[in-house]
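Here is the structure we will look at, set down as structure tokens.
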Amino acid sequence: MGIHGLSKLIADHAPGAMKEGKFENYFGRKIAIDASTSIYQFLVAVRHEENALTNADGVVTSHLNGMFYRTVRMIDAGIKPVYVFDGKPPTMKGGELAKRHARAAQATADLAKAKEEGNQEDIEKFSKRTVRATKQQSLDCKKLLELMGVPVIDAPCEAESTCAALCAAGKVFAVGTEDMDALTFGSTVLLRHLTYSDTKKMPPMEYRLADVLRLLELSMAQFIDVCILCGCDYTDKLKGVGPETALKKIREHGSLHALLHSTDKLVVGEDKVPASLREGYEEVQRLFTSPEAADPEAVELRWGEPDVEGIVGFMCGEMGFDEKRIRSSCEKLVKAKGKGNQVRIENFFAAKPGTNPAAAPAGKAAAGSGKRKAEPAAKAGKGAAAAAGAKKKK
Amino acid sequence: MFEARLTKGELIKKVIEALKDLVTEANFDISATGIQLQAMDSSHVSLCALQMKAEGFDHFRCDRSMPLGINLSSMSKVLKCCNKDDIVTLKAEDDGDSINFMFESKDQDKISDFELKLMDIDSEHFGIPDTDYKATVTMSASEFTRICNDLSILGETVAISVGKDGVRFSVSGEMGTGNMTVRDNTSSDTKEADRVEIDMEEPVNLNFALRYLKSFAKAAPLTDRVSLCLSRDVPLLVKYEIPEFGSLSYYLAPKIDDES
């Protein structure tokens, strides 16, 4: 899933594009979340030993548990989530999907073997790998979210691209996902770790696309090419090419097209370039630049009143959750709704360009090196140089 | 080289006390005209803007404009060592990595100095548009502090409405509701300090989080008067003018009932 090694590439070469935030500070922000990935993550993460949570009838409820409590936590903090559900898989992903099916079959076989051998650790490991989100589970979550008054959007194709389209159109502030390809799809802001539980103590990490491009010194088209080379969900990648080489080669040749048609030793010779890449790269580029996504302008986002009795009826009546706990969380939902929305001060005052001290004259930056807080860009030599270059342009 | 000396050293101490609840670290932008600071609180709901004019100091010298990044809670701790009547001198080298505080007692019989490390703070400056506020209330700073503290017992949000008959602060919470109305009394012969002046073009009614107003009210010891400036759909401005020294302004984004 996602782009191999992209987060590390950004951390090494464009650390200035990442910012650790505080969960509470995203109040008032509308955030699009890829529901299908979240459901999958809840199925994997919300577990008791090797078993998923179930109700008395043995129906899995891990996804509802995760969806309910994490969403309540966001709403309680004033965040306005929008969940986007997957539609049909893109045709390009066909090959990748076949591979996933093969892996799933392998995992099921491994699990059976581990159970036979009674190896607890392996049982847990492999049972996580056999996790699949079913259609019914998606429907359950949709029903729950609608009862909670949270907007739900059905993407025509993959959820990621619709999330990104909403973000690029300014309908939402950010996309909340772990999948780095949200950036490749053009999300202006990507938030990771947003749906992590309280107990993990992982603050949200904010990635800004404009800063990623500026600091990596790439155009959007080049950035997409780097992502394809790193290895995305839609095509095979060049052997022996990691994120570092991908960045270097695209910078050197200017584009993936130029690289594939060059005499670079990476692409010359039999079997160097997988057929799916040579024949399919243009289609993958198109998939990232103009994916099949819901029209953001046609989408109306409304956060309604939570239907407390409806939630209790569904979660406790049908799914066997503890009524007391569900009700106390519902109280939070109702209270958050009644609080009125605190507006952010940045909505009124525009930041003055060029006043960011990071862009201060060189003399100050040199003096700054001795100070207590090292400049974040200084972590990676090359990144710092790139950052300095960008500063001068400013 | 930057050097500033202030006989009423206490002022610096009060300024930091009025900021440190909202802002943990900030850049003091020093220039030949004085010291300025602009910072948002950590949750980005309010903005503080401090101005200390060069003329307000007994001696002020700044050869090169630069930001001095300071951790305010550390600064507040250092200033704890400054006595009420001490003379304060601030010093920083152009390329230095620290700021020096010197406190001299009035009779020159005790001198202490402290050095605080500077830090690089990544913060943006905001352009604050000139707003033609529809309603301005000027009242006793300590009275305003009292209203904020009293009302926060009942709830977390205060509705401030300025109308013909005065300004009304209302709160409602689980326990009950509360209202305080302050009337314009410029026509009667009230003491200067207790005077309430209301200048209103049109009625305004806005909701604000009391928590921030309470923090702003920590600036009351700096001066006798406070002005509240309101207009529909823009942040509230709470301004404390410090005569012959500068001003401390706080902007607070309103709470909006529900968006369409």
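The values are calculated or read from the model by the stated rules, or taken from the named source; none is laboratory data. What you see is a predicted model, and the numbers here were worked out from it, not measured in a lab. Cβ sites come from the backbone with ideal geometry, for glycine too, and all protein chains shown count toward neighbours. Surface accessibility is based on the protein's heavy atoms, side chains included, excluding ligands, DNA and RNA. Shrake-Rupley method; radii C 1.70, N 1.55, O 1.52, S 1.80 Å.
Any chance you could list P(r) for the protein assembly as shown, counting all Cα-Cα pairs in 20 angstrom bins from zero, rounded to whole %?
Bins of 20 Å from zero give 16, 41, 33, 10, 1 percent of pairs.
Go through A:154-162, A:300-308 and give me the packing order, highest mean Cβ count within 10 Å leading.
Working: A:154-162: 23.7, A:300-308: 14.4.
By packing density, highest mean first, the sequence is A:154-162, A:300-308.
Per residue of A:180-187, what is the mean number of Cβ atoms on other protein chains within 10 angstrom of that residue's Cβ? Please report the intermediate quantities before stating the final value.
Numbers: counts 0, 0, 0, 0, 0, 0, 0, 0.
Counting other chains' Cβ atoms within 10 Å and averaging over A:180-187 gives 0.
Quick one: which of B:40-50, A:312-322 comes out on top by average Cβ neighbours within 10 Å, and what's the full order, highest first? Provide the component values of the computation, followed by the final result.
Values: B:40-50: 21.3, A:312-322: 16.7.
Ranking, from highest mean packing down: B:40-50, A:312-322.
Please turn the phi angles of the stretch A:141-158 into ³J(HN,Hα) values with the Karplus equation 6.51 cos²θ - 1.76 cosθ + 1.60 (θ = phi - 60°), one per residue in order, whole Hz, x for glycine and proline.
Once rounded to whole Hz, the list reads 5, 4, 4, 4, 4, 5, 5, 7, x, 9, x, 10, 10, 9, 6, x, 9, 6.
Which whole-angstrom value gives the distance between the alpha carbon centres of the stretch A:266-294 and the stretch A:1-77?
30 Å
Of all accessible surface on the stretch B:135-252 at a 1.4 Å probe, what whole percent is carbon and sulfur?
Details: 2450 of 5650 Å².
Taking all protein chains in place, the stretch B:135-252 shows 43 percent carbon and sulfur surface.
Enumerate the amide H contacts of B:Phe28 below 5 Å, restricted to partners 5 or more residues apart or on another chain; note that Pro and chain-start residues carry no placed amide H.
Placed amide hydrogens put B:Leu68, B:Gly69, B:Ile70 under 5 Å from B:Phe28.
Given a Förster distance of 51 angstrom, what is the FRET efficiency for A:Thr108 paired with B:Cys81, based on the Cβ-Cβ distance and rounded to 0.05?
For A:Thr108 and B:Cys81, the calculated efficiency is 0.15.
Rounded to two decimal places and with Rh computed the Kirkwood way over Cα pairs, what is Rg over Rh for the stretch A:230-317? Don't jump to the answer; show the numbers that get you there.
Numbers: Rg = 22.4 Å, Rh = 16.8 Å.
When Rh is taken as the Kirkwood radius, the ratio is 1.33.
Over 30 Å between C-alpha atoms is what I'm after, so list which of A:Lys80/B:Lys14; B:Lys53/B:Lys255; B:Lys8/B:Lys218; A:Lys201/B:Lys13; A:Lys115/A:Lys324; A:Lys171/A:Lys237 land there. Don't jump to the answer; show the numbers that get you there.
On the way: A:Lys80/B:Lys14 39 Å; B:Lys53/B:Lys255 33 Å; B:Lys8/B:Lys218 19 Å; A:Lys201/B:Lys13 36 Å; A:Lys115/A:Lys324 37 Å; A:Lys171/A:Lys237 34 Å.
Correct reply: A:Lys80/B:Lys14; B:Lys53/B:Lys255; A:Lys201/B:Lys13; A:Lys115/A:Lys324; A:Lys171/A:Lys237.
Can you list the DSSP H helices in chain B whose Cα atoms extend at least 18 Å along the helix axis and whose mean Kyte-Doolittle hydropathy is 1.6 or higher?
Numbers: long enough: none.
TM-like helix candidates: nothing returned.
So what are chain B's ellipsoid semi-axes, whole angstrom, largest first, if each one is the square root of 5 times an eigenvalue of the alpha-carbon gyration tensor?
Working: eigenvalues 249, 82, 57 Å².
Gyration-tensor ellipsoid for chain B: 35, 20, 17 Å.
Once amide H atoms are built 1.01 Å from N in the peptide plane, which residues 5 or more positions from B:Gly163, or in another chain, come under 5 Å H to H?
Residues meeting the amide H criterion: B:Arg168.
Which ³J(HN,Hα) values in Hz, rounded to whole numbers, follow from the phi angles of the stretch A:218-235 under the Karplus curve 6.51 cos²θ - 1.76 cosθ + 1.60, where θ = phi - 60° and Gly and Pro get x?
10, 7, 4, 4, 5, 4, 4, 4, 4, 5, 5, 5, 5, x, 10, 7, 10, 8
When Cβ neighbours within 10 Å are restricted to other protein chains, what is their mean count per residue of peptide B:40-48?
5
Within a 10 angstrom radius of each residue's Cβ in B:126-133, how many Cβ atoms of other chains show up on average? Whole number is fine.
Values: counts 8, 6, 4, 3, 0, 1, 0, 0.
Mean shielding by partner chains, rounded to a whole number: 3.
Considering only C-alpha atoms, what is the centroid distance from the stretch B:139-160 to the stretch A:310-341, in Å?
Spelled out, the Cα-based centre of one part sits 33 Å from the other.
Does the stretch B:135-252 classify as rounded, prolate or oblate by the C-alpha gyration tensor (a ≥ b ≥ c root eigenvalues; a/c under 1.5 gives rounded; else a/b over b/c gives prolate, otherwise oblate)?
Values: a/c = 1.45, a/b = 1.24, b/c = 1.17.
It comes out rounded by the Cα gyration axes.
Thinking of the stretch A:110-180 as a set of Cα atoms, what percent of all their pairs are more than 19 Å apart? Walk me through the numbers on the way to the answer.
Details: 1449 of 2485 pairs.
Pairs farther apart than 19 Å: 58 percent.
If packing is taken as the average count of other Cβ atoms within 10 Å, what order do B:181-188, B:53-60 fall into, highest mean first? Display every interim value, and only then the final one.
Details: B:181-188: 12.9, B:53-60: 16.6.
The packing order, highest mean first, is B:53-60, B:181-188.
When the gyration tensor of the stretch A:133-241 is built from Cα positions, what are the square roots of 5 times its three eigenvalues, in whole Å, from largest to smallest?
Details: eigenvalues 151, 60, 46 Å².
Rounded to whole Å, the semi-axes are 27, 17, 15.
Starting from the eigenvalues of the Cα gyration tensor, five times each then square-rooted, give me the equivalent ellipsoid semi-axes of the stretch B:2-117, largest first, whole Å. Write out the running numbers ahead of the final one.
Numbers: eigenvalues 96, 56, 35 Å².
For the stretch B:2-117, the ellipsoid semi-axes come out as 22, 17, 13 Å.
For every helix of n ≥ 4 consecutive DSSP H residues, a contribution of -39,500 (n - 2.57) applies; sum these over the protein assembly as shown, divide by its total residues, and give [θ] at 222 nm rounded to the nearest 500 deg cm²/dmol. Don't skip to the answer; put the middle values down first.
Numbers: 21 runs with 223 residues, N = 654.
That comes out to -10000 deg cm²/dmol.
Amide H of A:Leu53: which non-local residues (sequence gap of 5 or more, or other chain) have their own amide H closer than 5 Å, using H built in the peptide plane?
Result for A:Leu53 returns A:His48, A:Thr61, A:Ser62.
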